[in-house]
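The values are calculated or read from the model by the stated rules, or taken from the named source; none is laboratory data. What you see is a predicted model, and the numbers here were worked out from it, not measured in a lab. Cβ placement follows ideal geometry from the backbone for every residue including glycine, while neighbour counts extend to all protein chains displayed.
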Amino acid sequence: MLESAISCRNITKKYGEHTILKNLSIEIPKGKITTILGYSGAGKSTLMKHFLGLVKPTKGELTILGNEVPNLNDDELRKFRKRFGMLFQYAALFDSLTTYDNIAFPIKEFTKLKKKEILKRVQELLRAVGLSDESLYKLPSELSGGMRKRVGLARALALRPEILLYDEPTTGLDPITTKMVNDLITTTGRTENTTELTSVIISHDIQATLKISDYIAFLERGEIIEFSPTKEFKNTTHPTIRKFLDLTTH
Ligand SMILES: Nc1ncnc2c1ncn2[C@@H]1O[C@H](COP(=O)(O)OP(=O)(O)OP(=O)(O)O)[C@@H](O)[C@H]1O
Ligand SMILES: [Mg+2]
């Protein structure tokens, strides 16, 4: 049995009369890349918000890295969230800040590092995502879409997170940039000094998902209808997933 980074047990989430997540259970393994696939409206983002403690389950238990997330108070949540890196759609950089200031932002907020040490860490992070010092003092508008993603990832990695969450990391990108981002997710998730890094991706991009994931979960109307290693997932006989796979791979 693999150790779980995220453990959801019988989670139900209701908004009024609407049940968004239904008695959902999943064990997301530590140190692996897991993708949550599903049609629009299935509840993927809602599930991810539970992971960050932004939303509380109506029923059920959620344990992440040893924390009972719904029971954390505000102060505990703040500390807990430091253990996450989050790469948002379109990278969500601060437009008026340079690469350096974007990446240094969480470091300044959460650590007591001196200026020199911050610069060193930012340079280290830039190299880790395949950028040179040339990008250091450029604004997001002076970078390509792919470079912006790299800066976003460097910022997500700044506090050495244990869990990296990616929300639709390649939606809206051209095929070449998409490939670059996917390669980046794989190398980030697999480099030696990050063997403990758990990556969780939300996606509709089935091709990329099959290439980069260790495990794939399929969420359908608030229920996990399949969760298996990628090889097995490809051969699923579940009709809904077959349809999804066949629709998007031909
Ligand atoms: N705060 C909220 N209040 C009421 N309903 C909500 C709220 N947040 C989400 N929902 C509903 O929950 C359902 C699932 O939404 P969610 O954003 O989790 O879907 P998703 O799988 O991420 O979809 P997409 O792929 O389009 O991003 C939707 O029907 C949505 O309207
Ligand atoms: Mg969503």
Got a number for residues in the range 123-175 being in contact with a Lys or Arg (Cβ under 8 Å, 6 or more places away or on another chain) and surrounded by fewer than 16 Cβ atoms within 10 Å (Cβ to Cβ)? 1
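Does Tyr100 satisfy the criteria of being part of a loop (DSSP other than H, G, I, E, B) and hydroxyl-bearing (Ser, Thr, Tyr)? Break it down stepwise before answering.
Working: part of a loop (DSSP other than H, G, I, E, B): no; hydroxyl-bearing (Ser, Thr, Tyr): yes.
Spelling it out, it is not the case that Tyr100 is part of a loop (DSSP other than H, G, I, E, B) and hydroxyl-bearing (Ser, Thr, Tyr).
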Suppose we keep only residues that are closer than 15 Å to Leu210 by Cβ and away from ligand 1 (no atom under 16 Å from the Cβ) within the range 162-183. Which one would you say is nearest to the chain's Cα centre (by Cα)? Asn182
Any chance you could count how many residues in the range 51-90 are in contact with a Pro (Cβ under 7 Å, 6 or more places away or on another chain) and part of a strand (DSSP E or B)? 4
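Would you call Val151 at pLDDT below 90, part of a helix (DSSP H, G or I) and away from ligand 2 (no atom under 16 Å from the Cβ)?
Details: at pLDDT below 90: no; part of a helix (DSSP H, G or I): yes; away from ligand 2 (no atom under 16 Å from the Cβ): yes.
Criteria not met by Val151.
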Expected output for the range 107-119 (first residue among the aliphatic types (A, V, I, L, M), partner outside any helix (DSSP H, G or I), Cβ below 9 Å, 6+ apart or cross-chain) is Ile107/Leu113; Ile107/Ala158; Ile107/Leu159; Ile118/Thr111; Leu119/Leu136
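Of all residues in the range 154-176, how many are within 16 Å of ligand 2 (Cβ to nearest atom) and farther than 22 Å from Glu109 by Cβ? Talk me through it step by step, then tell me what you get.
Keep residues of the range 154-176 that are within 16 Å of ligand 2 (Cβ to nearest atom), which gives 165-172.
Imposing the further condition that a residue be farther than 22 Å from Glu109 by Cβ reduces the set to 168-172.
So the answer is 5.
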Out of (1) closer than 30 Å to Leu245 by Cα; (2) touching a strand residue (DSSP E or B) at 6+ places or on another chain (Cβ under 6 Å); (3) surrounded by 19 or more Cβ atoms within 10 Å (Cβ to Cβ), what's the single condition that is false for Val69? (1)
Of all residues in the range 36-57, how many are on the phi > 0 side of the Ramachandran plot and more than 13 Å from ligand 2 (Cβ to nearest atom)? 1
If we scan the range 174-185, do we find a residue that is assigned by TED's automatic domain parsing to the domain that holds Ile241, among the charged types (D, E, K, R) and assigned to a strand (DSSP E or B)? no
Within the range 63-97, tally of residues that are in contact (Cβ under 8 Å) with a residue 60 or more places away in the chain and among the hydrophobic types (A, V, I, L, M, F, W, C): 9
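For every residue, the table says whether it meets (1) modelled with pLDDT of 95 or more; (2) more than 22 Å from Asp167 (Cα to Cα).
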{"site": "Lys22", "(1), (2)": "yes, no"}
{"site": "Lys56", "(1), (2)": "yes, no"}
{"site": "Lys79", "(1), (2)": "no, no"}
{"site": "Tyr100", "(1), (2)": "yes, yes"}
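Quick one: would you say Ala42 is surrounded by 17 or more Cβ atoms within 10 Å (Cβ to Cβ), outside the structural domain of Lys13 (by TED's automatic domain parsing) and either touching a strand residue (DSSP E or B) at 6+ places or on another chain (Cβ under 6 Å) or touching a residue at least 60 places away in the same chain (Cβ under 8 Å) (or both)? Full working, then the answer.
Numbers: surrounded by 17 or more Cβ atoms within 10 Å (Cβ to Cβ): yes; outside the structural domain of Lys13 (by TED's automatic domain parsing): no; either touching a strand residue (DSSP E or B) at 6+ places or on another chain (Cβ under 6 Å) or touching a residue at least 60 places away in the same chain (Cβ under 8 Å) (or both): yes.
No.
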So Phe84 ticks every box in (1) within 19 Å of the chain's Cα centre (by Cα); (2) within 16 Å of ligand 1 (Cβ to nearest atom) but one. Which box is left unticked? (2)
